[in-house]
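Below is one structure, written out as structure tokens; comments come after it.
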Amino acid sequence: MIVEFGHFALVLAVLVAVYQMIVPAVGAWRGDGRLMQSGDAAALTQVMLLAIAFAALTQAYVVSDFSVANVVANSHSTKPLIYRISGVWGNHEGSMLLWVLILAIFGAAVAVFGSNLPATLRANVLSVQASIAVAFGLFILFTSNPFERLSPAPFDGRGLNPILQDPALAFHPPFLYAGYVGFSMAFSFAIAALMEGRIDAAWARWVRPWTLAAWMCLTLGIAMGSWWAYYELGWGGWWFWDPVENASFMPWLAGTALLHSALVMEKREALKVWTILLAILTFSLSLLGTFLVRSGVLTSVHAFAVDPARGVVILGIMVLFVGGSLLLFGLRAADLKQGGLFAPISREGSLVLNNILLTVSCATVLVGTLYPLALESVTGEKISVGAPFFNLTFVPLMIPLLVALPFGPFLAWKRGDLYGAAQRLTFAAVAALVVAIATVAVYQRGPWLAPPAMGLGVFVMAGAILELAYRGKVGQVSWDEAWRRLTNLPRSVYGTTIAHFGVGLMVLGITATSAYRHETVVALKPGETVAVSGYVLEYKGARSSKGPNYVEETGELAVTRDGAPVTVLYPSKRLYDAPPQPTTEAGIHNSWRGDLYVALGDAQDAGGFAMRIYFNPLVRFIWIGALIMFIGGGISLSDRRLRVGAPVRARRREQGAAA
Amino acid sequence: MTGWQKRRGPVAGVATALALMVLASPSAFALDPREQLKDTKLEERARGLSAELRCLVCQNQSIDDSDAPLAKDLRRLVRERLVLGESDAEVKTHIVARYGDFVLLKPPFNMHTLLLWMTPLLVLLATLAGLWWAYARRRTGSAGPAGGAALSGDEQRRLEDLLRDR
């Protein structure tokens with residue numbers, strides 16, 4: 001009964017979305033305030049209905065209602081509660097429902113917090129937002145309905161893929177989707193601006209926080225996925241340039257560019273046309289990501305063939321939205337008036353450079369991901385584009401970006417002083433040089449690019465700190481005065497500094513672990529030892545045990561360093577009951593120096609186990625860096641200036657006068 | 001075939017969960033200690049080569065990471081050729097002759113992959129050209145001397161009205 005109730009709520013939500021798609025836009029076109037206003041109520045109704053639908057599906061999972069086909073396919077009664085809940089979005093149908101729910105939440109946020117938006121802009125934004133909801137709502141109802149019943153109901157479900165039964169992964173999809181879908185706000189605002197044929201700084205001031213929020217969620221979502229891959233997959237890697245990873249990485253790159261270009265638009269009214277285009281492209285890449293993952297076209301050509309309807313429908317939705325929005329852009333972009341001019345060496349110039357490099361790297365990832373598919377369909381020839389290709393093309397694009405990054409905040413708007421900026425960064429450059437030389441001295445091996453890259457990470461981090469010191473005039477004025485200046489800096493300045501610091505930290509982690517990882521593959525019998533990066537590991541033996549829904553073999557390794565005990569590691573292999581599938585649980589000892597990482601392999605004929613042992617230096621910096629970027633975004637988001645928009649009020653007055 | 005499900009990104013893991021249930025069989029990981037060469041220099045080269053060769057029956061996974069039987073055979077083949085004294089390039093040529101370009105995770109540079117390899121450069125040039133074009137248009141175009149946008153006819157009239165009211 002509750003399931004039917006949820007199903008009904010979903011149908012109603014789609015109908016409400018149809019209303020919301022048409023009526024506010026008509027109101028904006030005819031200048032009818034009441035029609036425009038009704039969009040707010042529709043947005044709120046839609047989000048409530050979808051919340052009911054989602055709650056109904058969740059309830060079916062929690063009580064293990066095996067008369068629902070979706071629950072049978074993806075859940076099992078012995079599964080712990082948290083994974084019964086995360087199972088709701090751990091499958092195609094449920095995750096699409098989450099997708100539209102998040103979409104509706106963003107739409108409702110416009111209705112609730114958008115009172116300072118011009119009425120027509122708000123109405124048009126709600127309409128565009130609803131049009132996406134209609135497309136995906138119909139997609140769910142007709143090809144991927146999670147509420148379908150099964151008769152007769154089986155006694156138990158088929159279970160959730162055990163490698164997905166993990167805390168980090170339980171919350172990975174919601175964050176990822178919040179990021180993907182969050183970019184729909186930038187898209188809706190861009191389309192609304194094109195419909196109205198005008199755009200100003202207030203527009204950017206409105207779009208930026210939403211883009212920032214989406215970017216934060218996507219950053220954290222990707223980081224969670226990467227962290228999970230690191231400890232769960234058992235070979236110590238954290239990024240594989242897998243098509244599905246690329247699918248989430250492309251919107252992130254474009255979204256990062258959008259954040260920076262929206263800044264130029266807000267402060268200087270420049271780059272308007274480009275920012276609009278970028279907003280469209282970012283969400284298009286989010287749709288592409290959804291298509292690639294959901295259609296299965298990349299994971300397997302066969303998955304696409306098994307249910308072609310889904311892939312074709314999402315492809316259709318994508319073509320409609322991407323094509324339609326680009327067409328509208330082509331027709332109306334020329335009407336948008338350009339704003340402030342700037343010299344090439346200026347804050348704007350540095351942000352343009354940021355945008356160029358991020359766009360080119362995004363295009364590289366896009367083409368690399370889709371090229372094998374395209375080539376095969378055109379010539380029938382099969383090629384592979386894997387990690388070696390991306391490392392070779394992507395890394396050279398990131399280097400100039402990272403070199404330029406610390407200069408940006410030191411350059412003034414309109415016309416900057418590159419020499420002055422370089423002078424202020426002297427300390428950072430010295431620190432970078434010291435670290436690069438120290439890296440050479442410590443490791444004396446690895447690729448030649450690694451020491452400069454370590455230096456680059458430090459350069460970015462030190463540059464971020466120096467920017468704060470510069471703004472607070474630390475060293476030039478008394479400490480009290482400097483402290484007063486620092487505490488009076490807007491939060492967005494701290495947000496920028498912190499996020500950039502996180503980028504530098506991440507560069508350090510990525511470089512160190514890629515270039516200086518130590519790996520040993522050995523077969524150990526009880527009592528044997530192996531030395532890895534200063535640690536001595538003694539294999540004590542293995543034992544079998546039984547968990548709630550798996551059986552497990554656990555190895556025991558005593559770790560010592562210079563004779564002193566450090567820790568005991570318990571790497572294990574699990575075999576889950578439902579579905580029967582093996583997983584590895586790595587034994588990890590983490591320290592600031594890096595992670596000691598042990599994965600248990602197969603039992604050897606001669607006794608003992610095969611083991612892969614890694615030492616991954618500074619690997620934690622990767623995820624700590626991502627977390628710091630997330631926090632930086634959050635601090636920037638809490639800046640009052642992002643919420644209170646004086647130009648917005650001015651525009652409303654003007655419109656009131658015109659009416 | 002069990003190696004590849006580990007390698008999927010998490011979301012793909014969700015998408016392919018059903019397929020995996022059929023394919024999964026209890027096994028662990030790729031490189032077996034017994035496969036390793038005694039000569040550490042050669043073994044290092046073998047690992048490097050393995051990371052650039054695709055496990056043909058897996059999804060976007062190198063033979064270094066895969067525990068599929070085919071990957072195991074390929075790893076053995078790589079090591080055999082290295083022991084024979086072949087260079088890295090010769091080993092690759094040998095394996096490509098058998099399995100085609102598909103086996104290379106870094107595709108070769110030829111007419112069919114020209115566009116792929118040139119993408120970064122082409123997009124970079126396109127963005128720079130677009131930038132130059134926009135800049136040139138701005139300098140010669142409609143922008144007023146102060147850089148402010150010109151007023152539309154309507155706006156001009158309203159401005160005049162306002163000034164007259166004063």
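Overview of results
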quantity: Cβ-based exposure ranking for A:Thr211, A:Thr583, in which fewest neighbours within 10 Å come first; calculated: A:Thr583, A:Thr211
quantity: Cα coordinate range in region A:466-516, projected on the principal axes (Å, largest first); calculated: 44, 22, 11
quantity: ³J(HN,Hα), Karplus 6.51/-1.76/1.60, whole Hz, each residue of region A:380-386, x for Gly, Pro; calculated: x, 7, 9, 10, 10, 10, x
quantity: Shape call, region A:420-520: gyration tensor on alpha carbons, a/c limit 1.5; calculated: prolate
quantity: With at most 16 other Cβ atoms within 10 Å, longest stretch of chain A clear of loop GluC sites (Glu not before Pro) (DSSP); calculated: A:149-380
quantity: Fewest-first ranking of A:Phe5, A:Phe342, using other Cβ atoms within 10 Å as the exposure measure; calculated: A:Phe5, A:Phe342
quantity: Exposure proxy order (Cβ contacts within 10 Å, fewest to most) of A:Leu126, A:Leu405; calculated: A:Leu405, A:Leu126
quantity: Region A:364-498 - percent relative contact order, Cα under 8 Å, separation 6 or more; calculated: 19 percent
quantity: Isolated Cys in the protein assembly as shown, by beta carbon distance under 4.7 Å; calculated: A:Cys217, A:Cys362
quantity: Karplus (6.51, -1.76, 1.60) ³J(HN,Hα), θ = phi - 60°, over region A:55-60, in Hz, Gly and Pro reported as x; calculated: 4, 5, 5, 4, 4, 4
quantity: Rg/Rh (Cα only; Kirkwood hydrodynamic radius) as it applies to region A:49-122; calculated: 1.18
quantity: Semi-axis lengths, Å, region A:481-583, gyration tensor of Cα atoms, sqrt of 5 times eigenvalues; calculated: 43, 23, 14
quantity: Exceeding the 23 Å Cα-Cα cut-off - candidates A:Lys382/B:Lys41; A:Lys79/A:Lys546; A:Lys79/A:Lys540; A:Lys546/A:Lys573; B:Lys41/B:Lys72; A:Lys573/B:Lys38; calculated: A:Lys382/B:Lys41; A:Lys79/A:Lys540; A:Lys573/B:Lys38
quantity: Loop chymotrypsin sites (Phe, Trp or Tyr not before Pro), region A:440-535, which have at most 14 other Cβ atoms in a 10 Å radius of their Cβ (DSSP); calculated: A:Trp448
quantity: Percent RCO, i.e. relative contact order, over chain A, from Cα pairs under 8 Å lying at least 6 residues apart; calculated: 12 percent
quantity: Shape category assigned to region A:137-282 from the gyration tensor of Cα positions, a/c cut at 1.5; calculated: oblate
quantity: Region A:202-353 - convex hull of the alpha-carbon atoms, volume per residue in Å³; calculated: 130 Å³
quantity: Charged-residue dipole, Cβ positions (Lys, Arg, Asp, Glu), chain A about Cα centre, Debye nearest 20; calculated: 2220 debye
quantity: Cut-off under 5 Å, modelled amide H: who pairs with A:Ser75 long-range; calculated: A:Arg158, A:Gly159
quantity: Translational diffusion of region A:41-185, µm² s⁻¹ [Kirkwood Rh, Cα pairs; Stokes-Einstein; 20 °C; 1.002 mPa s]; calculated: 133 µm²/s
quantity: Convex hull of Cα atoms in region A:409-479, direction-averaged projection (nm²); calculated: 5.9 nm²
quantity: Computed Kirkwood radius, in angstrom, where 1/r is averaged over Cα pairs of region A:111-204; calculated: 16.9 Å
quantity: Global form of region A:323-427, assessed from the alpha-carbon gyration tensor, a/c cut-off 1.5; calculated: oblate
quantity: Whole-Hz couplings from phi, Karplus 6.51/-1.76/1.60, listed for region A:86-102; x for Gly and Pro; calculated: 5, x, 4, 9, x, 8, 4, 4, x, 5, 5, 5, 4, 4, 6, 5, 5
quantity: Rounded to whole Å, sorted largest first: equivalent-ellipsoid semi-axes of region A:152-221, Cα gyration tensor; calculated: 39, 16, 6
quantity: Compactness of the protein assembly as shown - radius of gyration and Dmax, Cα, Å; calculated: 28.2, 101
quantity: Mean separation of Cα contacts under 8 Å, 6 or more apart, over the residue count of region A:46-108: relative contact order %; calculated: 39 percent
quantity: Inter-label distance, nm, simple model (7 Å from Cα along the C-beta direction), A:Trp592/B:Phe109; calculated: 4.4 nm
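Only the coordinates and a few stated rules stand behind these numbers; no lab work does. Small disclaimer: the values here were computed from a predicted structure and weren't measured. Neighbour counts are summed over all protein chains in view; Cβ atoms, including those assigned to glycine, are modelled from backbone coordinates with ideal geometry.
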